[in-house]
Amino acid sequence: MIKIFGHQAPDTDATASALIWAWYLNEIKEKPATAYVLGEPNTEAAFVLKRWGFETPEILAGVEAGEKVVIVDTNNPAELFPNISDADIRQVIDHHALAGGLTTKGPINITIRPVASTATVMMAILPSKAVDAMPDAIKGLVLSCILSDTLEFRSPTTTPRDVSLAHKLAKDLGLDIPAYAAEMFAAKSDISHFNDAELLRLDSKIFEVDGKKLRVSVLETTAPKIVMDRKASLMASMEAVAAEDGVDEVLLFVVDILSEASTLLIPNDTVNSIAEKSFDVTVSGDTVLLVGVVSRKKQIIPNLKV
């Protein structure tokens, strides 16, 4: 049995891509495979699973040495299990920068392409017989991954391949892209049942920048006021979350999908300094507006300076 999973704090692409590849291995390659997640999927991913008739994959607590695995939507060991290189990694399918650090038992297939979603990568490497046999439910997952990771084509990560594929899939499924994307983003914006610490970790990755470990969290929403109404309590929780997670600072970017801008919360002088050095802005309060900044991968992480 091959175990397939993406990164911790699973979003739509990490969750659905594991299911897409499990379908391919089981139904086309006739190799037993199971999709897993490394945590509770976010609200948008939960909506997508329900919309297309999938149960939430089981949360995988760890891997044993020698277990066969396929890793999707990440190649970064920091987003996986500490002993991930002890597993028998058979394949990596991703669309992020090469992080380094994974070791394998032998040569494997690694596909990393500069497109907006892992599902887009998968569609490019699937054989034609798999694409022809793909049921609507799997097509729906692929479309959802693209719309999620591109913010309905607003993100600078969007490529012509993502756009053309999304439109083809939407036509096959008889879906209106703006209407379906609006449903997805409404689900993503529902944060009512998360406490502050959960919100800070919901869509979050840890990066080392200039010798400092930063938890970089992003909340993408069509209703930023819901998040900003909790600004004080979120900022009050950042120090405790940083201490628990062994990082120096927590950075929270509230991305307004519709206005294509993000607001960075400024809980202390250190984050104030990071904001001013990284984004060439002057901070005068406990938030700063970053117009046009919507992508952690292309606009936030490459610019961070401590």
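Only one entry in GLU239, GLU260 is within 19 Å of ASN303 (Cα to Cα) and charged (D, E, K, R), namely GLU260.
If we scan the stretch 252-270, do we find a residue that is within 15 Å of LYS212 (Cβ to Cβ) and assigned to a helix (DSSP H, G or I)? For the stretch 252-270, residues within 15 Å of LYS212 (Cβ to Cβ) and assigned to a helix (DSSP H, G or I): present.
Residues checked against (1) among the β-branched types (Val, Ile, Thr); (2) modelled with pLDDT under 95; (3) over 28 Å from LEU98 (Cα atoms):
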residue	(1), (2), (3)
LEU219	no, no, no
MET228	no, no, yes
LYS231	no, no, yes
ALA236	no, no, yes
ASP245	no, no, no
VAL250	yes, no, no
ASN268	no, no, yes
SER295	no, no, no
GLN299	no, no, no
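Listed by first and then second residue, the pairs with beta-carbon distance under 7 Å, at least 6 apart or on different chains, first residue in the stretch 74-85 and within 17 Å of ILE59 (Cβ to Cβ), second of a type in the set (D, E, K, R), are THR74/ASP94; GLU79/LYS205. Selection of first residues in the stretch 276-291 that are assigned to a strand (DSSP E or B) and of second residues that are surrounded by 15 or more Cβ atoms within 10 Å (Cβ to Cβ) and hydroxyl-bearing (Ser, Thr, Tyr), restricted to Cβ pairs under 8 Å at least 6 apart or on distinct chains, gives the following pairs, ordered by first then second residue: THR287/THR263; VAL288/THR263; LEU289/SER262; LEU289/THR263; LEU290/SER262; LEU290/THR263.
Of all the residues in the stretch 191-248, those that are surrounded by fewer than 14 Cβ atoms within 10 Å (Cβ to Cβ) and in a loop (DSSP other than H, G, I, E, B) number 7. Within the stretch 128-185, restricting attention to residues that are farther than 23 Å from VAL255 by Cβ and among the polar types (S, T, N, Q), the residue that is surrounded by the most Cβ atoms within 10 Å (Cβ to Cβ) is SER164.
Of the residues making up the stretch 160-181, those that are touching a residue at least 40 places away in the same chain (Cβ under 8 Å) and more than 19 Å from ILE257 (Cβ to Cβ) are ARG161, LEU165.
The values are calculated or read from the model by the stated rules, or taken from the named source; none is laboratory data. Just so it is clear, the model here is predicted, and its values are computed rather than measured. Positions of Cβ are backbone-derived with ideal geometry, glycine not excepted, and every protein chain shown enters the neighbour counts.
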